[in-house]
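The block underneath contains the structure these notes are about, expressed in structure tokens.
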Amino acid sequence: MTEARIAAALRKHAQGCTITVRVQPGAKKTEILGIHGQDDQIVLKVAVQAPPVEGRANDALIAFFASLLKLPKSSVTVFSGELSRNKVLLVRGISPADLQERLPHL
């Protein structure tokens, strides 16, 4: 069930894949908090230590996913939702299946 829910947050893209996240900036620790939502509204909830000021939370989110997925930071970008807590990240050069394998089991 959990793997299917994670897969629902991932989408194939011409350049790799996208992952839908909900960001909680200003947290004590940067980490994935879990999977939230239902049906086609599934997101990974991610806490980041950085505040939502001058793009610092976005930068921290990109650095976190790049490190987690063992990819260069240039492979991860905010595809949409730059000023919102709800974001879509584009991860270049990786398929949804490979990305799912690299995510920790939630």
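The numbers here are math on the coordinates, done by the rules we state, and not lab data. Treat the numbers as computed from the prediction; the structure is a model and nothing was measured. Counting neighbours? That spans all protein chains shown, and the Cβs are built from the backbone with ideal geometry, glycine included.
Where both bridge residues fall in the chain, DSSP classifies roughly 85% of the beta bridges as antiparallel. Pairs of Lys residues in the chain are counted when their Cα atoms are under 17 angstrom apart and they lie 8 or more places apart or on different chains; the count is 5. Summarised as an ellipsoid, the stretch 2-97 has semi-axes of 19, 16, 12 Å, derived from the eigenvalues of the Cα gyration tensor scaled by 5 and square-rooted, with the largest first. Given their separation in residues at 0.36 nm each and the Cα-Cα distance between them, Lys28 and Asp98 gain 22.3 nm when the chain is fully extended. Using a simple spin-label model with pseudo-atoms 7 Å out from Cα toward Cβ, Glu82 and Ala4 lie 3.8 nm apart.
Centre-to-centre separation between the Cα atoms of the stretch 67-103 and those of the stretch 1-63: 9 Å.
Under the simplified labelling scheme, the Gln15-Arg56 pair shows an inter-label distance of 2.7 nm, with each label point 7 Å from Cα along Cα→Cβ. May I ask you to list the GluC sites (Glu not before Pro) in the chain that are in a DSSP loop and have at most 13 other Cβ atoms within 10 Å of their Cβ? Passing both the DSSP loop test and the Cβ count: Glu54, Glu82.
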